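The values are calculated or read from the model by the stated rules, or taken from the named source; none is laboratory data. Computed from a prediction, not measured in an experiment: that's the story for all the values here. Backbone-built Cβ (ideal geometry, glycine too); neighbour counts: all protein chains shown. We work out accessible area using only protein heavy atoms, side chains counted, and drop any ligands, DNA or RNA first. Shrake-Rupley method; radii C 1.70, N 1.55, O 1.52, S 1.80 Å.
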Amino acid sequence: MNTASPRRPSAAVPRRVPVGWVHVSDRAKRYVSKVLDSERLSYGPFLREFESRFARAHGVRWGVTCNSGTSALHVAIAALQSRHGWRPGDEVLVPAVTFVATSNMAILQGLKPVFVDVDPRTFNMDPEQAQRRTTRRTRLIMPVHLFGQPCEMDPLMALARRKGLKVVEDSCETMFARYRGRPVGSFGDAACFSTYTAHILVTGVGGLALTDSPRLAADLRSLVNHGRDAIYISIDDDDRRAGLKEVIAKRFRFVRMGFSYRLSELEGALGLAQLEERGPMLEARRRNAAYLIEALKPLEERLQLPWWPDHVEHSFMMFPIVLREGASKRDLALFLERRGIETRDMLPLINQPFYVKMFGDLEGRYPVARRINRGGFYLGCHPGLDRADLDYVAEAFFDYFRRERRGRR
Ligand SMILES: Cc1ncc(COP(=O)(O)O)c(C=O)c1O
């Protein structure tokens, strides 16, 4: 879609195919200028508008901006924990393949992550395995919608209902995608999103926690603001003339342990502009992914390409690939990166040195996660890539496997 990328190749400069991309449109520049002219950077009209429209786009009433997806996860878990009296060592179901922040935030709250193997086709939490890992101490399920693809939510929500569990969707990688016609973020008690670099909306750093519960929303907002009384969150609350006496009394009242996880109006301006312009961006992601799938199809004996069921929409934050047995991920990644094609490991979690130290060698109990840890990686499929970039990527794969067959690279 976008051909204005500053990194167009030339004969002298090798082509670059990064995993992420950011484009600051004229509208975004206009909004950022408005913020600068307003001389107000703290929570204000742009963040408020961004929160409410982002929440509405995901079918829920309340959105609370945070300074990262991780802090959104932290406050969502902390709010539910405090409301429901979870004790240290109570258990949280977390997929065995995800970014470390998902389970780190459970650990930070004194909870025990119980890993659940993932579906070998979608790479998302396997509902049957989730049921098997549920115990009397399970309190929370954290389905993670990876790479832009919603989890299999019906059986996970049915499990939560049957066992009285809460659900926090980690939707940091997935926005504006639907499962059986219903948007991600609208299933759980809360859902968390990231607007960090290379995500679907990019504000540099940032995130949102969404919920349909007004009480939980007030708790989340308070936790993001040092645990303040929710009556006084921003300077605009001084304008509540009718209740000004109460506002004055409670301006500096802290009612719970909280954090400083606020975002500024600058990110609000960037986020709102991108939210308003999301249509073509999402179309380009889906078009690029479809093109890559088609182009790489002849290599399907060697590469497992993205797959999603008909009842799921994919928003393609990234393009995940798992090498089938036999090929070496490290060799292939090196081959691609030498040609300027960025790769990232596909979210290894249970084999992280820090996790092995805490939980021991778990990989033997998680065969699908182990296979992904060995052979999984992802590429970008964002709107900054054009047909020539995608052809270049596909050709690099063909070249690699041709050379492999000939025994040299
Ligand atoms: C699945 C998942 N959860 C949580 C996060 C954390 O988001 P942030 O980097 O904004 O803290 C990420 C970030 O990439 C993620 O991919």
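Side notes on the structure shown:
- The trypsin sites (Lys or Arg not before Pro) of the stretch 132-175 that DSSP puts in a loop, and whose beta carbon has at most 13 other beta carbons within 10 Å, are R136.
- In the context of the full set of protein chains, the stretch 148-200 has a per residue accessible area of 32 Å² (1.4 Å probe).
- Relative to the compact-globule estimate of 2.2 N^0.38 Å, the Cα radius of gyration of the stretch 6-100 comes out at 1.62.
- Solvent-accessible surface ranking, highest first, for D391, D310 at 1.4 angstrom: D310, D391
- Distance between the pseudo-spin-label points of R241 and F254 (7 Å out from Cα toward the beta carbon): 3.4 nm.
- Estimated purely from DSSP H runs of n ≥ 4, each contributing -39500 (n - 2.57), the mean residue ellipticity at 222 nm for the chain is -12500 deg cm²/dmol once divided by its residues.
- Stokes-Einstein D in µm²/s, Kirkwood radius over Cα pairs - the stretch 233-390 at 37 °C with 0.692 mPa s viscosity: 162 µm²/s
- Highest-first packing order for the peptide set 223-235, 357-369, 82-94 is 223-235, 82-94, 357-369, based on the mean count of other beta carbon atoms within 10 Å.
- Of interest is the spacing of the C-alpha centroids, which for the stretch 28-104 and the stretch 349-392 amounts to 25 Å.
- Principal semi-axes in Å for the stretch 224-287 [√(5λ), Cα gyration tensor, largest first]: 36, 15, 8
- The fraction of Cα-Cα pairs per 10 angstrom bin, counted from 0 for the stretch 14-57, comes to 21, 37, 27, 12, 3 percent, rounded to whole percents.
- Lysines with Cα under 29 Å of K297, excluding same-chain neighbours fewer than 8 positions away: K329
- The Cα center of the stretch 215-246 and the Cα center of the stretch 136-212 differ in position by 26 Å.
- Per atom type, the chain shows carbon and sulfur on 51% of its accessible surface, probed at 1.4 Å.
- Taking the three principal axes of the alpha carbon atoms in the chain, the coordinate ranges are 80, 54, 38 Å, sorted in descending order.
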